[in-house]
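> First the structure, then my questions, so here it is.
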Amino acid sequence: MNKPFVADTHFKNEKFHQNPLAKADYEECVFEGCQFQNGYLDNQNFVDCTFKDCDLSNTNVANTIWNNVQFESCKLVGVSFDKSETTFLTIAFSQCNLTLAIFYELSLQKTDFSGCNLSQADFTSTDLTSSNFTDCNLDNTLFENSILDKADLSNAFNFNINPEINSLKKTKFSKEELIGLLKKYDIVIV
């Protein structure tokens, strides 16, 4: 059964955690101030869509397609993006709260996370080549077997990245935060 097609629609201040968003193919839609928390966005298709000031915390996104989707100032606490459909996966985040979000084993090359709170997020075995983490809080964020080649972590803070188990070729760091690469060694820098 084919899903309905919804294009060029602006959804504003909708409470989709009470009445779920209809299963459809959404193209060039804007979701502004919408509430999805603890709800279901599984098996949806979003193409060229923007989410602004939305709360998607703990939302089920299993098998959802995110193709060129922007999240701006959204709350995405605990979202398991690793359960999403990986074909065509292109997402970008700006000023979002991604605490406890899971990106396990995803290919997120050239992904923008600028100004985000990524506390306790999981990037295990994730390809983040050329991604942007400028001004991100990476407190207790898990990087293990991750590819951060050419990624920009300038002005990123609170990170603890082990260079022995992650790929960091030509990765950008600010001098002030280089201690985040040495925490494993429990040394004191004065």
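The values are calculated or read from the model by the stated rules, or taken from the named source; none is laboratory data. Just so it is clear, the structure is predicted and the values come from calculations on it, not from any experiment. Using ideal geometry, Cβ is built from the backbone for each residue, glycine included, and neighbour counts are taken over all protein chains shown. Please note that ligands, DNA and RNA were not included when accessible areas were found on the heavy atoms of the full protein model with its side chains. Shrake-Rupley method; radii C 1.70, N 1.55, O 1.52, S 1.80 Å.
> Here are some conditions: (1) modelled with pLDDT of 95 or more; (2) in a loop (DSSP other than H, G, I, E, B). Residue 159 meets all but one. Which one does it not meet?
(1)
> Out of 88, 11, which single residue is under 24 Å from residue 116 (Cα atoms), open to solvent by 20 Å² or more (accessible area, probe 1.4 Å) and modelled with pLDDT under 95?
88
> With farther than 19 Å from residue 114 by Cα, modelled with pLDDT of 95 or more, surrounded by 16 or more Cβ atoms within 10 Å (Cβ to Cβ) and not β-branched (Val, Ile, Thr) as the only criterion, which of 81, 31 stands out?
Matching residue, one of 81, 31: 31.
> Still on this structure, I have one more. For the subset of the stretch 91-106 comprising residues that are touching a helix residue (DSSP H, G or I) at 6+ places or on another chain (Cβ under 9 Å) and in a strand (DSSP E or B), which member is most open to solvent (accessible area, probe 1.4 Å)?
It comes out as 102.
> Here are 60, 140: which of them is open to solvent by 20 Å² or more (accessible area, probe 1.4 Å) and closer than 19 Å to residue 14 by Cβ?
Details: 140 fails: closer than 19 Å to residue 14 by Cβ.
Only one candidate qualifies: 60.
> Further question: Confirm whether residue 115 is under 11 Å from the mean Cα position of the chain (by Cα), outside any strand (DSSP E or B), surrounded by fewer than 19 Cβ atoms within 10 Å (Cβ to Cβ) and of a type in the set (Gly, Ala, Ser).
No; evaluated as a whole, the condition is false for this residue.
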